[in-house]
Amino acid sequence: MSVMAARAATSPKRNAWPPLLHRMVRTVRARALFVPGDHVLVSVSGGPDSVALLSLLHRLSSSWGLRLTAAHFNYGLRGEESEEDQAFVEELCRRHDVPLVAMRLHIPASGRRGSLQAAARDLRYDALETIAKDRGADRIALAHTADDQAETVLLWLLRGSGLTGLSGMPASRDGRVIRPLYDCSRSEVLAYLYEAGLSFRTDSTNAKRVYTRNRIRHDVLPVLRDVSPGALSALCRSAELCREDDRFLDAHVAELCAREFRRDHTGSWAIDRDVVRQLPRALQRRVLRELFRRTHPSRRPPSMRTVEEALRGVMACAREPRLSLPGFQVTEGYVRCLEAPPSADPAEEPVAVPLPVPSMVRWPGPGWTIRVEARATLDALDPKSRTDTIVVDHERLSGPMVVRAWQPGDRFYPLGMNGRSKKLQDLFTDLKVPRAVRRRIPVVAVPDGIVWVVGYRQDARWVPTPATRRYLVISADGVSGAEGAT
């Protein structure tokens, strides 16, 4: 995949706000995306939309008292081109005097479900949330435009989606993730960039019609505009109407699930089968979708095909026990989803992945996300009170870190054992960790040994001392059932 830099034509600078900035401000005010004085974290890939968003927010920052921080993610998928993208964003942020957090993200091939783009999106959203929390940002700004919304609606329409898919992307999610260019078209963004004389990066794969979204962008939307010049606005307006209906139904289902969902000692979420059978079909689908979503590692809803297959199992003969899908069980009394069922596919066996500083990696299986960052001080961090975070002496590590699975013969020096070593296999046995689960537990290691059995024990060799000058904070989401990090 090739990436090239496109230079916009230069023009005289103007003091007045450009039309696109006025349009963005109207969206921000009408949809209450942020307020003066907010700290906004801006996701910047280097493409035209994100460059325009950073520039517009920068122009608004003085009059609105905004604090800006930028974030860029390097997946390393395109070698030198990925490095050039990062260098471009670094220079862009220097010119705008905006602090930048550049992070490398690794997408493991093993255990990945869905497309590479979906896996990258999940990692990126997780990383943005982490950075926003660390930097104290009030909002996370993404550069999606009205064109992105129209493409998304058409994609879901072609997949046979219901109201949720046809709702597209919200302008604001949970009041935190915002899309200030939500009502702006891509043509308006490009016009602004050329008028302002701003460079941006263009991805050559966006012109390849092997991707469905690209075919919609280059082939379908132009035809729809020929049929109806207002096609873009009509698609976005339809998404708004679908979202209002979808929210009403979701609120009703949330109340129902709060009343009827139960969780048992196995970690399974369950609902009485008769309750589901008596619901209207529209609510049956939504209840089952929520049941699946609660057990998915990233809380992603299942496909419509999965929901329909599960529903067939629920509506079958009431006395017929049935295992309809992996991890989904219908008994005479209950509909049950098992929490993060282990994969039986050998191709999904976890493999070692690099853990550079700073970075974040997704570990296959139950959905662990492991982050590492360097700090000069620990401030108010108290890792002893948490099972999902450790602190190590950066300078004492023997080399680059990796995240890998347990290996037979692994031995380490658990913190609290007064310098005695222990086989990792014996640790798992003592803690009664099932054999089927052991290979799914991530281990952070360096060439000289284990640093952390994630969620269970930290190795004592790398613990900070009073002489420590540089710290590494390693944290993990997905810790469950572990007895503690220390």
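The values are calculated or read from the model by the stated rules, or taken from the named source; none is laboratory data. Bear in mind that the values here come from a model prediction, so they are computed numbers and not experimental data. Note that we place each Cβ from the backbone using ideal geometry, even for glycine, and neighbour counts take in every protein chain shown. We work out accessible area using only protein heavy atoms, side chains counted, and drop any ligands, DNA or RNA first. Shrake-Rupley method; radii C 1.70, N 1.55, O 1.52, S 1.80 Å.
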Original post:
Rounded if a/c is under 1.5, else prolate if a/b is larger than b/c, else oblate: which is the range 180-277, with a ≥ b ≥ c the root eigenvalues of its Cα gyration tensor?
Top reply: prolate
**OP:** Report, ordered by chain and residue number, the aspartates and glutamates lying within cross-link reach of Lys423, taken as a straight Cα distance under 13 Å and ignoring same-chain residues fewer than 8 apart.
**Re:** Asp410, Asp459
Subject >> Rounded to the nearest 20 debye, dipole of the range 166-220 from Cβ charges on Lys, Arg, Asp, Glu >> reply: 320
Subject >> Rounded, prolate or oblate (a/c below 1.5 giving rounded, otherwise prolate when a/b exceeds b/c) for the range 120-209 by Cα gyration tensor >> reply: oblate
Subject >> Accessible-area composition of the range 120-205, carbon plus sulfur, in percent [1.4 Å probe] >> reply: 53
Subject >> Solvent-accessible area per residue, Å², over the range 161-239 with all protein chains present [probe radius 1.4 Å] >> reply: 48
Original post:
Which order, highest average first, do 96-107, 450-461, 409-420 follow once you tally other Cβ atoms within 10 Å for each residue and take the mean per peptide?
Top reply: 450-461, 96-107, 409-420
Original post:
Going by the alpha-carbon gyration tensor, a ≥ b ≥ c the square roots of its eigenvalues, is the range 49-190 rounded (a/c under 1.5) or, if a/c is not under 1.5, prolate (a/b greater than b/c) versus oblate?
Top reply: oblate
Original post:
Which cross-chain or sequence-distant (5 or more) residues have an amide H under 5 Å from the amide H of Phe200, H modelled 1.01 Å from N in plane?
Top reply: Ala6, Ala8
Original post:
What residues have an amide H closer than 5 Å to that of Leu100, excluding those fewer than 5 places away on the same chain, when H is modeled at 1.01 Å from N in the peptide plane?
Top reply: Ala70
